[in-house]
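Student: The following block contains the structure, expressed as structure tokens.
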Amino acid sequence: MRNIMVYDVAIIGAGVSGVFTAYSLAKAGKRVILIDKGHDLAERQALLPDNPQIQYEGFGGLGMSEGKYNYTNDFGGGLSHKIGSKPATLLMQEVDQILCQFGAQGATFYTTDDPALMAKCQQAGLTMLTAQVRHLGTVKSQQVLRQIRHFLDDKISFAFNTTVQSLAKQGESFQLSLSDGRRVNAKNVVIATGNAPSEWLEQQMRRFDIKEGQARVDLGLRVEMPYSQWQPLLQRAFETKLKLETADFTATTYCMNPTGRIIRKYEKGLVMADGQNCNESDVQSENLNFTLFVPQYFPTQADAKAYAEHIIKAINRGGERIVVQRLGCLNQGKPTTQQCLIANGVKPSLAADGGYLPDEVPEIYLAAAGEFFQRLSQLLEQPISADTLLYGLDAKFFAPQKVTSEFFETTTGGLYLAGDCSGVTHSLSQAAASGLHIAKRFCG
Ligand SMILES: Cc1cc2nc3c(=O)[nH]c(=O)nc-3n(C[C@H](O)[C@H](O)[C@H](O)COP(=O)(O)OP(=O)(O)OC[C@H]3O[C@@H](n4cnc5c(N)ncnc54)[C@H](O)[C@@H]3O)c2cc1C
């Protein structure tokens, strides 16, 4: 039997939250092992073109993607609710400093802050959500991760292509058996396994009695409208994020793509309407698209999934069907026909079935769109084009929030949940910040 290796902290999951925890601990001279079921960075980069799974797993996790770090408490998770707005902001500033230290300083940096526009939005009954944005893009993201990986190389231990077969607390420390045969003793364990549903994490939750709160699922219509109508709101930024709050619902614009296209998204056995950035396609459109998401909460993740499945599978009709309706037709209470779509001023960028949304989509999503367009029209000082197209439906699933302390510690002392698996963060910036926050606990 091999010797047991002793560490201060074992981190399970090498996505941004795990990597930022590891970086901070390595700098403080802590003994750390970083374990991930995916590949190390160099292998990931070599395998990436042929294997889509590599996009999600291994060193850097989802941080290998677009690398758009939104520094804000307005969206991207509830870090500020957990630790306070100021500490959350400071941690995100630290995330940016670290990224810059490892090569991100040349990457696009901008703010969506625009006090005059914010005031106009407020007058129209909308809230403009703002962020400072460091947009690395895929190439720079990988370069930055490579430099962080290089920094960590001789400071911590790694276990890639490795899972944790057993995790148990004995006395004041944890014993881990790894699938590569290694045995590890660690004073603390940070689980940082991301948002993807995980049987392994569920096992740990049962074992350590980690309770979880409500599950959230956001559903909404994907909107495609003339780009020219939105242009006045996009003078300073690529995207404007607007929020509408009423007594009955909250609706937020998400993933805006000026001159982009609508595409099909395949997730959890569902086919949904998603948006594609204009840079990802050779063909640009004259339209702008975004989803108007309305969050709903359920007692369990299974309930949230069942709700979304019930609605979206009925639209899909056992295939890849997506329904689309012209706003003008919806307002007149009549279905949109294929002829209507052919003659429509806004040319649909996705081939979808013309239909009548009230027959297919719960009232709340239509009410949200109706109220939102009314306010948007007030903001733009012009009516919203009747040729605007509404596609059903898009969905976004969230891991339920787990019960943890303000330092993300579970009721089992020494066991922490970082990043998206905590259910608190939903973005690169907040996931990375949560890792730094937890590391401060060990180094403070
Ligand atoms: C397609 C896509 C694009 C996105 N783009 C953006 C964006 O541009 N900006 C933004 O702010 N947010 C974006 N997000 C969200 C963002 O990527 C996540 O919020 C963030 O990556 C979460 O970081 P994390 O460390 O918690 O998890 P992840 O980055 O998901 O990393 C989790 C790691 O844990 C490993 N792992 C999982 N289970 C185990 C296990 N049992 N044992 C060992 N290892 C395990 C995985 O292999 C992975 O490496 C995007 C999400 C998706 C799906």
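The values are calculated or read from the model by the stated rules, or taken from the named source; none is laboratory data. Keep in mind the model is a prediction, meaning the values are calculated, not measured. Heads up, the Cβs are rebuilt from the backbone with ideal geometry, glycines too, and the neighbour counts pull from every protein chain shown.
Student: Out of all the residues in region 405-420, which are over 19 Å from Ala168 (Cα atoms) and near the ligand (Cβ under 9 Å from one of its atoms)?
Tutor: Gly419, Asp420 - these are the residues of region 405-420 that are over 19 Å from Ala168 (Cα atoms) and near the ligand (Cβ under 9 Å from one of its atoms).
Student: Name the residues in region 110-151 that are of a type in the set (D, E, K, R) and closer than 16 Å to Gly76 by Cα, would you?
Tutor: Correct list: Arg134 only.
Student: Just one of Arg216, Arg183 is charged (D, E, K, R) and over 22 Å from Leu428 (Cβ atoms); which is it?
Tutor: Arg183
Student: Which residues, taken from region 147-162, are surrounded by 17 or more Cβ atoms within 10 Å (Cβ to Cβ) and closer than 18 Å to Tyr69 by Cα?
Tutor: Scanning region 147-162 gives a single hit, Ile148.
So that you can scan it fast, the table gives a plain yes or no per residue for (1) at positive phi; (2) surrounded by fewer than 17 Cβ atoms within 10 Å (Cβ to Cβ):
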site: Val6; (1), (2): no, yes
site: Gly29; (1), (2): yes, yes
site: Ile35; (1), (2): no, no
site: Glu43; (1), (2): no, yes
site: Gly58; (1), (2): yes, no
site: Ser65; (1), (2): no, yes
site: Tyr69; (1), (2): no, no
site: Ser85; (1), (2): no, yes
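Student: Could you give every pair whose Cβ atoms fall below 7 Å, whose first residue belongs to region 341-365 and is among the aliphatic types (A, V, I, L, M), and whose second residue is modelled with pLDDT of 95 or more and in a loop (DSSP other than H, G, I, E, B), counting only separations of at least 6 or pairs across chains?
Tutor: Going by the 7 Å Cβ cut-off, the qualifying pairs are Leu341/Pro348; Val346/Ser385; Val346/Asp387; Val346/Thr388; Leu350/Ile322; Ala352/Ile322; Ile364/Phe249.
Student: Let me ask another. Out of the residues in region 189-204 that are among the polar types (S, T, N, Q) and without any contact (Cβ under 8 Å) to a residue 60 or more places away in the chain, state the one that is farthest from Tyr7 (Cα to Cα).
Tutor: Gln203
For every residue, the table says whether it meets (1) of a type outside the set (A, V, I, L, M); (2) away from the ligand (no atom under 12 Å from the Cβ); (3) in a loop (DSSP other than H, G, I, E, B).
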| site | (1), (2), (3) |
| --- | --- |
| Val6 | no, yes, no |
| Tyr23 | yes, yes, no |
| Ala26 | no, yes, no |
| Leu34 | no, no, no |
| Leu62 | no, no, no |
| Asn73 | yes, yes, yes |
| Ser80 | yes, yes, no |
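Student: Gln214 versus (1) over 15 Å from Tyr7 (Cβ atoms); (2) touching a helix residue (DSSP H, G or I) at 6+ places or on another chain (Cβ under 8 Å); (3) more than 12 Å from the ligand (Cβ to nearest atom): which is the lone unmet condition?
Tutor: Here Gln214 clears every test but (2).
Student: Are there any pairs, at least 6 apart or on different chains, whose C-beta atoms fall under 8 Å, with the first in region 1-24 and within 14 Å of Ala433 (Cβ to Cβ) and the second aromatic (Phe, Trp, Tyr) and at pLDDT 95 or above, and if so, which?
Tutor: Val19/Phe59; Tyr23/Phe151
Student: Considering only region 425-444, state which residues are more than 8 Å from the ligand (Cβ to nearest atom), among the aliphatic types (A, V, I, L, M) and buried (at least 24 other Cβ atoms within 10 Å of the Cβ).
Tutor: Ala433, Ile438, Ala439
Student: Please determine, by comparing only the residues of region 291-312 that are under 18 Å from the mean Cα position of the chain (by Cα) and within 22 Å of Met205 (Cα to Cα), which one is surrounded by the fewest Cβ atoms within 10 Å (Cβ to Cβ).
Tutor: Tyr297
Student: Run Ile364 past the list (1) under 27 Å from Glu309 (Cα atoms); (2) buried (at least 21 other Cβ atoms within 10 Å of the Cβ) and report the number of the one that doesn't hold.
Tutor: The failed condition is (2).
Student: A further question on this structure: Looking only at region 390-404, filter to residues that are part of a strand (DSSP E or B) and of a type in the set (Gly, Ala, Ser); which one of those is nearest to the ligand (Cβ to nearest atom)?
Tutor: Ala395
Student: Go through the residues of region 146-157 one by one and say whether even a single one is of a type outside the set (Ser, Thr, Tyr) and either assigned to a strand (DSSP E or B) or within 12 Å of the ligand (Cβ to nearest atom) (or both).
Tutor: no
Student: Determine if region 98-106 includes at least one residue that is over 20 Å from the mean Cα position of the chain (by Cα), at pLDDT below 95 and either more than 10 Å from the ligand (Cβ to nearest atom) or hydroxyl-bearing (Ser, Thr, Tyr) (or both).
Tutor: Within region 98-106, one or more residues are over 20 Å from the mean Cα position of the chain (by Cα), at pLDDT below 95 and either more than 10 Å from the ligand (Cβ to nearest atom) or hydroxyl-bearing (Ser, Thr, Tyr) (or both).
Student: Still on this structure, please answer the following. Out of curiosity, is Cys340 out of contact with any Asp or Glu (no Cβ under 9 Å at 6 or more places or on another chain) and closer than 15 Å to Met225 by Cα?
Tutor: no
Student: Now for a separate question. With the checklist (1) polar (S, T, N, Q); (2) closer than 14 Å to Gly392 by Cα; (3) modelled with pLDDT under 90 in hand, flag the one item Asn316 doesn't pass.
Tutor: (3)
Student: How many of the residues in region 8-21 are more than 8 Å from the ligand (Cβ to nearest atom), within 21 Å of Gly58 (Cβ to Cβ) and part of a strand (DSSP E or B)?
Tutor: Of the residues in that region, 3 qualify.
Student: Any chance you could count how many residues in region 195-215 are assigned to a loop (DSSP other than H, G, I, E, B), at pLDDT 95 or above, surrounded by 14 or more Cβ atoms within 10 Å (Cβ to Cβ) and not aromatic (Phe, Trp, Tyr)? Full working, then the answer.
Tutor: Filtering region 195-215 down to residues assigned to a loop (DSSP other than H, G, I, E, B) leaves 195-198, 208-211, 213-214.
With the extra rule that they be at pLDDT 95 or above, the set shrinks to 208-210.
With the extra rule that they be surrounded by 14 or more Cβ atoms within 10 Å (Cβ to Cβ), the set shrinks to 208, 210.
Those still in the list that are not aromatic (Phe, Trp, Tyr) too: 210.
The total comes to 1.
Student: Residues that are more than 13 Å from the ligand (Cβ to nearest atom) and either within 23 Å of Asn195 (Cβ to Cβ) or not small (Gly, Ala, Ser) (or both): does region 37-45 have at least one?
Tutor: Checked region 37-45: at least one residue is more than 13 Å from the ligand (Cβ to nearest atom) and either within 23 Å of Asn195 (Cβ to Cβ) or not small (Gly, Ala, Ser) (or both).
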